[in-house]
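Here's the structure we're looking at; comments come further down.
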Amino acid sequence: MPDPREPATTHEIELTVDATTRRLTVEARETLAEALRERCDALGVRIGCGEGHCGACTVDLDGATARACTVLAVQADGAAVRTVESLAGPGEPLAPLQRAFREQHALQCGFCTAGMLMSAEELLRERPRADDDEIRAALSGNLCRCTGYQGILRAVRAARDER
Amino acid sequence: MSAAAGAIGARRRRVEDERLLRGQARHVGDLTRPRMLEAVFVRSPHPAARLAPGAIDARRALALPGVAAVLTAADLPHAPLLDSVRIDGLRKTPQPALAAERVRFAGEPVAIVLAERRAQAEDAAAAVAVAWEPAPFALTPEQAAAPGAPLVHDEIAGNLLYAERKRYGDPDGAFAAADLVIEQPLTGNRQSAAPLEGRGCLAEPAAGGDGLTVWASTMGPHLLRRRLAQSTGIPEQRLRVIAPDVGGSFGLKIPAAPEEIAVALAARAVGRPVRWVEGRREQLVAAPHAKDQRIALALALSRAGELLAVRATLVGNAGAYSFNSASALIEPYLGAGLLPGPYAVAHVEAEIRSLLTNTSPISPYRGVGWTQPHTARELALDRAARALGIAPAELRRRNLVTRFPHRSATGMVYDSGSYVASLESAVELVAGAAEAAPSEPDVRVGVGVTTYVEPAGWGSDGALQSEWSFASHDAVRLQVDPTGGVLAAVGTPSQGQGHATTLAQVVAEELGVRVEDVAIVAQDTDATPVSTAGTRASRVATVTGGALALAARRLRERLLAVAAALLDEPAPLTLADGIVRGGARELTVRELAEAAHFDPALRARLAEPDLVVTQFHDPAAAYSNGAIAAVVEVDLGTGGVTVRRLAVVEDCGTMLNPTIVEGQAAGAVAQGFGGALLEDVAYGPDGLPRGDSLGGYLLPRIADVPEMAFAHHVSPSPLTVNGVKGMGESGAIAAPAAIACAVADALAPERFVVERLPLTPARVLAGAGLLEEGR
Amino acid sequence: MSLPPLALARPATVAAATELLRRDGARALAGGQSLVPLLAARLTPAPTLLVDLGALPGLDAIARDDDGWLRIGALARQRAAERSPLVAAHAPLLAQALALVGHPSTRNRGTVVGSVAHADPAAELPAVAVALDGVAVVAGPGGARRETPVAALIAGPGRTTLAPGELIAELRLAPAAAGERQVWLEFAPRRFDLPLVGAAVRLAADGDARLTLAGYAEAPLDARLGPLGRPALEQADDGGGPARRSRALDRAAATAAVERLLAAHPPRDDARAPAALRRRLARTLALRALAKAAADA
């Protein structure tokens, strides 16, 4: 196996994606978003711009949100990644936050939703009593084109109040 | 009260949401087919250039790993794309899928690169050497109209795609008699619809034969199918177009993309599936743009505030091609028809021009050509109000149409509406919001109120009233399956509007079944009847919904006939919630369906034993209305505009689902917000857009858009099925005006005249006279 | 959208990292929040070798030295600094600015040092580092180590005086003096965007004011404005508590000082904002920050 301390165009990495450990060979230039989508079937990680502006690719990386398109796959070696699929596994009921999104009509086309949920989940974990200003600051980097953010704000408040 | 009765109008939760929330949506970028190749386009870096034969050198690219082919126009013969609008005097501009000897805008594709992996295709595209011969170019209508300007199309003299003057009533007389004339210029911004999922498609050749299956991020699978047939020559019935999950569109995905044609041709040429997923920079630069009108508007009023006449010159920047489907006239021409807005103004004059430039073609985006003229008119009304000493809301109230039906000066027949009531609701919703003291001494507060009418529910009649040639009708198919489930097949898929929910509500109520038992099938041309227009123009609730309601009524009769035959019951039968009741007896729809399909004795007794109906519908024109009010803070220290409060009042007749109506209204208002304050593609003098990434093209985010207060009025249309009118573009038409008027109001002491959008900090400060040296 | 072809190395020691960084086309990768999007945009020329600093041990510390200065390691994330009690206590300016730098997901990954090294003239952190008398501790090939003030490190937009093979191992920041007030204000048309202009104010207990501007010039513009706070008035708490100092801003002097500074330095003019706008923003933000610093007393 090539020495990762030396320059290489491909690297072997190991990471956990939604509790499944995977060993992958990735290109040095490959982003975490690409690796997740193309090698780990994590299609809930969406690419809206590929340049870190829109937040559609937001995942949890070792306990903190990250824009997967701004992280190289190599940088996630040894890491635990959680995507939207970690909120409710197959057959499991929707998580309270997801239910709140549904109840408050916080999604229309759904393209931004996975990233939005990951950012909202982190917020409520860190600030269970987050006020409107904190909600807006936390989601400030997640772009939505459909909803005008009205339902999203209501949903995060509802999920907060339910806790 | 049964669950189904009242299905229309219920705030039902969306059936779409469960899988979207779980990350299970599958867009074009998520689909794979065996042996699939990824496509990346080689695009012009110049706004205008010529290519000599052999100018494209793909040798280095072809040597790179994973590269399967580099194809140019010469490799992929096809018929060019043409707009389908039939308006006298509109010149046509055939558009190739791949440019050959000439490129006409920065980003125009000249070659398609196919490789095993996306990154390889991008590497190869960068390695294609093209001997561009840059040519002179024009970027604005003024440049394009100047004597000696370079011609975007050799056969179109003066780059003039269209010029027409329309006169209704006696505008000259009205202006001559006016006590007050307000002249309002407006340079509208050029925008991008910028859905979060860009365009894309995956074309797979059939094994044997010339058929093709194309998955496309589209608003109209049947429309794309027709375009593909026209361009590629593949017979339409051997083309299958499927819209998978689509991540927003707002009009961008109505027309066929030249790239979609190129992908189809490439797949056929190499005999393998080919997928193209648009990148964001690609979308912002090379995808069609929107809006970009230059307007000179004037209002004539009496001293008492009566609006006597509206006159406007509307010059549209068409871009390099009159884009397929709706043409370049989607902007200035449609804008002209709605100049009266919701006001009873009798005299209107519009001079309409559309000019070709070396920029990306203009195509529909929410609000289309109605938005920017609306903004100009409302700004002028506010200035008139200030000049006459009448409150802006009051000036509007005096001129709003109050009696229906009302035939506007331009020939639109407003069927019903709550124009005054909506205005009053909007004013009430922001009452008091302007009173709170601003945070800093040099912050000013302003209020803007605007009323709008929206030609919604576009069928062919609606198009006719806009003097537009536009086939807009749908056929739907409704069937009850052998096990009693109901399937509705329609040609209008969603890109976020929730059709699977709302259309099921219509069917459930009209048919008499439970909403849960209705499935909407919309995505596959093989499975659905033709919609000539697809999902657009706020038409689905009225056209598709109307067709389904009519189909359901017919199917209901058949179910009742089956029930009557089975029950042999003289008492009147009722059908609700999937159960037929007659006297003391009842049958489920499931039982009816099984009998209708499998009981030969029963079938022999019925005139129409089958449970499938096809319904065509092309409704009368209907018009929604509403009002939007904005309270803003203008910080004269920075030029920053903060919207403190937004009131959104909506009347779309009978609502199918009020929650979805509010969601659509909110989304439209947020897009209008962006159009007022943030968005500008902004071509630089080099012919390249400055807004070429989401860092440069600024879209509204949650920290910018305030909470909105909503109110509804319901003025059912007397002309449509169930009084439904349709909506969706509302806020995109009117929100820029509400915000612009509020800013002008805040800076009224400075006599700030808004003449350009977006209202950037620099423009705000300049308008307030605060951007000179030393200040 | 995808990045151009490149190689990547993950050295285990600073010495190995500096050696790799000497190679042609080599570039250090830390948080990646500036660099990776730049590469994805495929705007040439691109580095061909990324030297991922992520495996270097001990570079993520945020600590306070015996001399009171803060030490922020090359790999310390912006989020860690945002939450650090040391930063809150001794560099409130940095804490205030961090809350406005990008979004939580970018602060989770982006590093303080990385933003300084990226030297975007509009960014918050380079200006804050200059305002806090920041010193970059630079590691070079062969175990070389030198220190350079951040003000000297930043050579222009996106450019530093780092030589090939050098990387910033840590950033040292001066602590707030006793009784000092620090305020950060910024403006962009969209909240949480890179500012058009940002203003850092340090108001000393004796009323001496210092202003550092981001986004105004090609690099952070740093100036001492002189005594702008009126002399402190001691007010003893009759209950026997500690005396409180209240301080008022000499508005006329502040305005004159700010205008003098701006007149002496022409503002940038580019597609994001014309010069006249930057001038007005700088004036507004500077005066508001000064007023806020005085009022916070």
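Values in this text are rule-based calculations from the coordinates and carry no lab data. Note that the structure is a prediction, hence the values are computed from the model and not measured. So basically every Cβ, Gly included, is an ideal-geometry build from the backbone, and we count neighbours across all protein chains shown.
Remarks
- Cα lying deepest toward the dipole's positive end in the protein assembly as shown, options B:Val521, B:Phe250, B:Thr32, charges on Cβ: B:Phe250
- Toward the positive end of the charge dipole of chain B, with +1 on the Cβ of Lys and Arg and -1 on the Cβ of Asp and Glu, the farthest Cα among B:Ala584, B:Leu388, B:Pro94 is that of B:Pro94.
- Here the protein assembly as shown is assigned +1 on the Cβ of each Lys and Arg and -1 on the Cβ of each Asp and Glu. Its dipole about the Cα centre then comes out at about 680 debye.
- The Cβ shell under 11 Å around B:Ala737 holds other residues with a net charge of -1, Lys and Arg each +1, Asp and Glu each -1.
- Taken residue by residue and averaged, Cβ atoms of other chains lying within 10 Å of the Cβ of B:243-252 number 3.
- Mean-position separation - Cα centroids, the stretch B:639-691 and the stretch A:30-90, in angstrom: 30 Å
- Across chain B, the mean sequence separation of Cα contacts (distance under 8 Å, 6 or more residues apart), normalised by length, yields a relative contact order of 16 percent.
- Reach of B:Lys253 by Cα under 25 Å, taken over lysines that are not fewer than 8 positions away in the same chain: B:Lys92, B:Lys291, B:Lys725
- Of the residues B:Ser538, B:Pro47, B:Ala604, the one whose Cα sits farthest toward the positive end of the charge dipole of the protein assembly as shown, with +1 on the Cβ of Lys and Arg and -1 on the Cβ of Asp and Glu, is B:Pro47.
- Listed peptides B:138-150, A:150-162 by packing density, highest first (mean Cβ within 10 Å): A:150-162, B:138-150
- Protection proxy ranking for B:439-446, C:136-143, B:417-424, B:45-52, using the average of other Cβ atoms within 10 Å per residue and placing the highest first: B:417-424, B:45-52, C:136-143, B:439-446.
- Sequence of B:Arg514, B:Arg35 once ranked by neighbouring C-beta atoms within 10 Å, starting from the fewest: B:Arg35, B:Arg514
- For the stretch B:239-260 versus the stretch B:203-225, the gap between their alpha-carbon centres in whole angstrom: 11 Å
- Local charge for A:Glu34 was computed over the other residues whose Cβ lies under 10 Å away, with Lys and Arg +1 and Asp and Glu -1, and equals +2.
- Put the Cα centre of the stretch B:105-179 next to the Cα centre of the stretch C:157-186 and the gap is 48 Å.
- Mean ellipticity per residue at 222 nm, deg cm²/dmol - from DSSP H runs of n ≥ 4 across chain B, formula -39500 (n - 2.57): -8000 deg cm²/dmol
- For C:5-15, mean number of other protein chain Cβ atoms within 10 Å: 6
- Among C:Leu59, C:Leu38, C:Leu132: highest mean-square fluctuation, GNM of chain C, C-alpha pairs under 10 Å: C:Leu38
- Net charge of Cβ neighbours under 14 Å - reference A:His11; Lys, Arg +1; Asp, Glu -1: -3
- Using Cβ point charges alone (K and R +1, D and E -1), the dipole size of chain A about the Cα centre works out to roughly 560 debye.
- Sorted by Cβ density within 10 Å, fewest first, the residues B:Val67, C:Val116: B:Val67, C:Val116
- Span-like helix ranges in chain B, DSSP H, alpha carbon extent 30 angstrom or more, Kyte mean at least -1.0: B:545-567
- Dipole size of the stretch A:10-86 about its Cα centre, with +1 on Lys/Arg Cβ and -1 on Asp/Glu Cβ: approximately 140 debye, rounded to the nearest 20.
- Viscosity 1.002 mPa s, temperature 20 °C, Stokes-Einstein D of chain A from Kirkwood C-alpha radius, µm²/s: 131 µm²/s
- Here the peptides B:657-670, C:264-277 are ranked by packing, the mean other Cβ count within 10 Å, and the order with the highest first is B:657-670, C:264-277.
- Taking the C-alpha atoms only, the angle from helix C:251-264 to the longest principal axis of chain C is near 30 degrees.
- Across the stretch C:7-52, Cα-Cα distances exceeding 14 Å account for 46% of all pairs.
- Taking each DSSP H run with n ≥ 4 as -39500 (n - 2.57) and averaging over every residue of chain C yields -8500 deg cm²/dmol at 222 nm.
- Shielding value for A:114-125 is 2, the average number of Cβ atoms from other chains within 10 Å of each residue's Cβ.
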